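As C-alpha cells, the structure follows; a few thoughts come after it.
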Amino acid sequence: MHQLIKDVEACKACAQHLPLWPRPVINVSRKSKIILIWQAPWTKVHASWKPRDDASWENLRNRLQVSEDEFYDPDLFGIMPMWFCYPWKSAWGDSPPRPECAPLWHKKLLKYMKDHQLILLIWSYAQKYYLGKDMKKTLTETVQCFEEYMPKYLPLPHPSWRSKIRQKKNPWFEKKVLPILREKIRTVAIT
C-alpha cells in the first residue's frame, strides 16, 4: 500500500485540466477504520499539502465530536477525495471532480483497507459515485435516508459554513443523524 500511496501522490493523469500544478492529497493507511470521501482538496490544502488544513475539516471534526488526535490519525480516519488535486473554480463554486480520478484509484486503495467499517460520503459527488441509482433526488433526502445505506456508507452534507444554514433549516440532522454517527464512530474507535 505504501507504493500505491506514492503512486497516487505522483499522479498527473489530469494535469492538463488543473489550474495549478498536480498535487494529489491523500491520507490513508492499511488500518483506516473510517474513510472520509469528499469532493476535492481546497486551495489552502493544496498550498500546505496537509489533508485537513481547512476550516471545513475543523467543522467536521467538531460535528463528529472527536479529538484532534483521533481525527488526524489515518489508522482511524482515512482521507480519500473524489479528485485528489485542487479543482478550479466554476461559476457555482469548485468544479466537479474529474472523471479519471476516483475510477483510477479508489478500488485499488479500498482493496488494501480491508478493516474499514464505515465510509462517510461527504457531499453529492461522493454520494453519486458510491450510491449511484440508490441516491435520492436531493442531497437532503439522501442524508435523511442515511439508515438505508448503513452499515457500509453514511452520507453527509458538506461541513462548510454554509451547512450551518442547512442545519438550521433541517433540525432533524442534529437530532437524528449526528447521534447515530457519533455512536458508530465511538464503537469503531474502540474496536
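Take every Cα pair under 8 Å whose residues are at least 6 apart in sequence, average their separation, divide by the length of the stretch 2-190, and the relative contact order is 26 percent. Among DSSP bridges having both ends in the stretch 2-190, what percentage is antiparallel? Round to the nearest 5. Antiparallel: roughly 20 percent of the beta bridges in the stretch 2-190. When the Gaussian network model of the chain links Cα atoms closer than 10 Å, the mean-square fluctuations of Ala102, Ala40, Ala55 top out at Ala55. Based on DSSP H segments of at least four residues, each scored -39500 (n - 2.57), the chain has a per-residue ellipticity at 222 nm of -10500 deg cm²/dmol. Using unit Cβ charges (K, R positive; D, E negative) and no other charged atoms, how large, in debye to the nearest 20, is the dipole of the stretch 2-190 about its Cα centre? For this selection, approximately 400 debye.
Note on the chain: dipole from Cβ charges, positive end direction compared against Ile26, Ile180, Tyr112; the farthest Cα belongs to Ile180.
Relative to the current alpha-carbon distance between Glu183 and Gln167, full extension at 0.36 nm per residue lengthens the span by 3.8 nm. Put a plus charge on the Cβ of each Lys and Arg, a minus charge on the Cβ of each Asp and Glu, and nothing anywhere else: the dipole of the stretch 73-162 about its Cα centre is then about 340 debye. Net length available on complete extension from Lys152 to Lys108 is 14.1 nm, with 0.36 nm assigned per residue and the Cα-Cα distance removed. In terms of the mean number of neighbouring beta-carbon atoms within 10 Å, the peptides 103-110, 130-137 order highest first as 103-110, 130-137. Each of Thr191, Asn170, Pro151 was scored by the projection of its Cα onto the charge dipole of the chain, and the greatest displacement toward the positive side belongs to Asn170; charges sit on the C-beta of Lys, Arg, Asp and Glu.
Placing pseudo-labels 7 Å out from each Cα toward the beta carbon at Lys176 and Gln3 gives an inter-label distance of 4.8 nm. Taking 27 Å as the cut-off for C-alpha to C-alpha distance, list the pairs among Lys12/Lys108; Lys114/Lys168; Lys136/Lys184; Lys137/Lys169 that go past it. Cα-Cα > 27 Å for Lys114/Lys168; rest within.
Bear in mind these aren't lab numbers, they're just calculated from the coordinates by the rules spelled out. Computed from a predicted model, the values in this text were never measured in an experiment. Cβ coordinates were reconstructed from backbone atoms using ideal geometry, including for glycine residues, and neighbour counts include every protein chain displayed.
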